[in-house]
1. Please turn the phi angles of the stretch 232-237 into ³J(HN,Hα) values with the Karplus equation 6.51 cos²θ - 1.76 cosθ + 1.60 (θ = phi - 60°), one per residue in order, whole Hz, x for glycine and proline.
2. Work out how much length A144 to V318 would gain on full extension: take 0.36 nm times their residue separation and subtract the Cα-Cα distance, in nm to one decimal.
3. Semi-axes of the chain's equivalent ellipsoid from the Cα gyration tensor, sqrt of 5 times each eigenvalue, largest first, rounded to whole Å?
4. How do the peptides 47-55, 238-246, 151-159, 163-171 rank, highest first, by the average count of neighbouring beta carbon atoms within 10 Å per residue?
5. Work out from phi, with θ = phi - 60° and the Karplus expression 6.51 cos²θ - 1.76 cosθ + 1.60, the ³J(HN,Hα) of each residue of the stretch 311-316, listed in order in whole Hz, and give x for Gly and Pro.
6. Summing Lys, Arg as +1 and Asp, Glu as -1, what charge do residues with Cβ under 12 Å from the Cβ of D96 carry, D96 excluded?
7. Under a no-solvent Debye model with one identical scatterer per Cα of the stretch 55-115, what's log10 I(q)/I(0) at q = 0.15, 0.22 Å⁻¹?
8. With Rg and the Kirkwood Rh both taken from Cα atoms, where does Rg over Rh land for the stretch 79-147?
Amino acid sequence: MKYFCLALALVFPLVASAGVEGGDVARLTPLWQALDADKDGKVSLTELHPYQAMVMAAHDADGDGNISLTEYAGYDLDPGNAASMAIPESINLIEDLPYAATHDPRQQLDLFLPGEPEGGRPLPVIAYIHGGGWTMGSKVMARAQMLPLVATGRYAAVSIGYRLSWQDRWPAQIHDVKAGIRWIRANAKDYGLDPSRICAFGPSAGGHLAAMLGATNDVISLEGELGDHTDQSSDVQCVVDFFGPVDLRSEDGKDPLGNPSVVTRLLGATPQESPRLAAEASPVSHVDSSDVPFLIVHGTRDPLVDYNQSVQLEAALVEAGVPVIFQTIEGGGHGDFAAGVPEVNDRVEAFLEKNFYDPDIEVPDNVLEFKMRTAVPPRPAGKHQGDRKNPGGANVSGAVPDR
C-alpha cells in the first residue's frame, strides 16, 4: 500500500479548500507557491508534475498557460472540472441541502431528480461519494457519472459531501456519509425516492467510504449522532466501488518526503501507531455474510490505489458468501475508464438494474482492456506477481486522478 501514498503525494495537495473563499485561498497559498519551481511568481503548466498538469489544464480559465492562485483553489475543490458540465433540462438539480443540522458546506448534499420518473413510482437512489484522497474535491464531482444514470428516468442520485481530513479525522467521514443516507430515507417521500433501494457509489476515497457503508450495515459504533434523523437506518442495499482503498493497515504512514501520508492524516496516526483505528477504517476488516452485493471496478495499472486492494476485497467477500462482481480493466489507470472503456458504464447500469429491478439480469465480468494508455512511472517489478486477475504479473502504472 506504500505506493498509494506515493502517487497521491504527486497528484493531490495534502490540504484542501471547502470553497473558493478567502480562508481557503490563504490555506492554499503555500502549496501554490511550492509549485512555482522557478520562483517567478507564476505557476506554469510546464513546471508541474505531468499528473497535475494534465488535470489542472482544465482550470486554466484565461488560457494563459499558468495556474493562478484562484484557479488552483478551483482545482482543489473540483479537480475534474465537473462543474463545467451542463445539467440537461430533463434533470432537476437541487443543491446544497444540509443533512447534518450544521452550516458546514461539506455536510451538504446535491439531489438529482429526473423530470419525468419512469413508471411514476418512487425511484431507487444512487448515493454518490466523491474521491480526492480524503483531502480534496467536493460533491460537485458526481456529475460525470450520475447525470447519464439519472437521465434514464429510472434512478435518482444524491451526492453526499463530507468533512475532509484537514477538518476532522476519522471516523468523521463515515459518520457524515451515514448521516447522508439517513437524510435520504427521512426525506424520501418528499422527493419521490424509494428508501428501500439505495446504492452507495464512489471512486477512490469515495469507493473506500462506499465500501465501508456496504460492510457496516447495523454497526452501531460507526453510526455517529449527526443530524435530525437518527431514527432512520443508514443501511444501503448494494455498493459500486471504483478502485477504493480497502485495507489501510498495510500503509506505511509516510509520503516520499517523510511527511505524514494521506492515510495518516485521515487517521491522525500511522497505521502502525494505531492498528485498531486502521482496522476500523478498513472495509475488509468488516466483511461478513450479512454484507450487501458489491460491484468492484479496478484498473491493473492504477498508480494511486494498488489493484491488489480490490483483489483482497473480492476474496474476503467471496469467502463470506457475499455476491460480488469484480470488473478488471486491463491496463486501466485511476479514473480514466470513461474515455477508454465505455463498456464499464454498461456494466454499472446492468448491476444497478439487477439489484433494483430484475434479479435475473446477468452482469458480464470478463476482463476489459483499456486502449488509451498513458505513460507514467512504473511500479517496482514484482508488486503484482501472482495476481489472479493479472496473471502476467506486469508492472502496474496508470493515468490521471478520478474525475
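Any read-out appearing in this document is the output of simple, stated calculations on the displayed coordinates, not a laboratory observation. This one's a predicted model, so the numbers in the text were calculated from it and none came from an experiment. Note that each Cβ is placed from the backbone with ideal geometry, even for glycine, and that neighbours are counted across all protein chains shown.
1. For the stretch 232-237, the Karplus curve yields 8, 7, 9, 5, 10, 9 Hz.
2. 59.6 nm
3. Value: 30, 25, 22 Å, ordered largest first.
4. Taking the mean over residues of other Cβ atoms within 10 Å, the ranking is 238-246, 151-159, 163-171, 47-55.
5. After applying 6.51 cos²θ - 1.76 cosθ + 1.60, I find 4, 5, 5, 4, 4, 5 Hz.
6. -1
7. Here the Debye-derived log intensity ratios amount to -0.64, -0.93.
8. So for the stretch 79-147, dividing Rg by the Kirkwood Rh gives 0.98.
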